Amino acid sequence: MSEKDQKLVLFVIIFSILALGLYYGVRPALSSLASIKSEIEDEEEEKSINKLKVAQLPLLEMSGEEIEEKIRKRKSEFFDLMVSDQVDQLLTGMALSHKLYSYDMEILMPDGAKQLSAYQYSALYAQEQYEAAQAALESKKEEEKENKGTTLEDVDKAEADLYSDDSNDTTTAVNTNVYAVEVTMTVGGDDKSMQAFLNELINSDKRIFIKSYSWGEVRSLDKGSNEVVDNGDGTTTTIVKESQVVVTRTLTVDIELYMCDQTSLSEE
């Protein structure tokens with residue numbers, strides 16, 4: 001065998017050793033790395049599920065009496081259910097208490113409960129998400145029974161996706177039985193009294209949302225009246241008063257009053 005052939009054989013042997021080393025050494029390491037990555041993903045999914053379950057613990061640990069007491073306190077922050085005449089009487093009374101005139105009032109009564117949104121990091125939001133995920137998971141499992149092509153792995157993956165917190169949806173609709181009355185009201189008087197009226201709305205111990213307010217003026221014509229003066233000698237003199245424009249400062253508020261049925265759970 002020539003020297004050239006010897007070098008070629010030596011090269012083939014070295015190349016084979018390296019190839020076998022890569023195949024039996026690096027390939028298992030890559031497989032192990034992929035397995036570890038998969039385990040990490042599984043742990044992250046499990047972590048998401050546990051986060052939702054932990055967020056529910058305060059609600060689950062509360063007794064029925066504690067829950068009702070919390071609800072009672074929350075309900076006390078709202079107005080009791082009223083009809084439009086009662087809303088008119090309430091706000092007109094507030095205006096009169098500050099010696100203001102009520103020029104105009106538009107009241108829009110609600111057709112139903114207002115749809116509010118739970119805060120993303122609240123226990124209520126976690127509760128709603130958990131219940132929605134449970135319902136969707138049950139639906140997915142029912143579909144799996146009908147569709148033989150779906151594997152158990154697909155269902156497990158769907159379950160993890162349902163509990164995943166990667167979604168950008170940060171709110172969920174909550175049926176609160178809270179009713180919002182929309183009111184636009186214009187009052188008139190001096191600035192100090194109107195500011196006191198506005199402050200009472202802002203600092204109310206009941207839930208009032210001030211959407212907007214604006215200052216303005218109302219101009220009216222005071223025609224006056226003629227005054228008859230007795231001259232003392234059997235004659236009279238008529239004093240004619242000239243008409244004049246009277247300017248009254250006004251405040252227009254656009255607000256929402258939130259009402260709630262004050263009936264306790266034990267009475268329902």
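Summary table below
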item: The range 197-229, subset hydrophobic (A, V, I, L, M, F, W, C) and more than 28 Å from Lys75 (Cβ to Cβ), residue modelled with the highest pLDDT; result: Trp215
item: Count of residues meeting criterion [at pLDDT 75 or above and open to solvent by 60 Å² or more (accessible area, probe 1.4 Å)] in the range 56-87; result: 10
item: The range 202-216 residues that are of a type outside the set (Asp, Glu), paired with ones that are open to solvent by 60 Å² or more (accessible area, probe 1.4 Å) and part of a strand (DSSP E or B) (beta carbon under 9 Å, 6 or more apart); result: Lys211/Glu182; Trp215/Arg249; Gly216/Arg249
item: Residues located in the range 69-120, provided they are over 26 Å from Leu251 (Cα atoms) and part of a strand (DSSP E or B); result: Gln115, Leu116, Ser117
item: First in the range 129-155 and outside any helix (DSSP H, G or I), second anywhere and open to solvent by less than 80 Å² (accessible area, probe 1.4 Å) and at pLDDT below 70, Cβ under 6 Å, 6 or more apart; result: Thr150/Glu144
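The values are calculated or read from the model by the stated rules, or taken from the named source; none is laboratory data. Worth saying up front: this structure is predicted, and the values here are computed from it rather than measured. In this analysis, Cβ positions are derived from the backbone assuming ideal geometry, glycine residues included, and neighbour counts consider all displayed protein chains. Note: accessible area is taken over every heavy atom of the protein model, side chains too, but ligands, DNA and RNA are not part of it. Shrake-Rupley method; radii C 1.70, N 1.55, O 1.52, S 1.80 Å.
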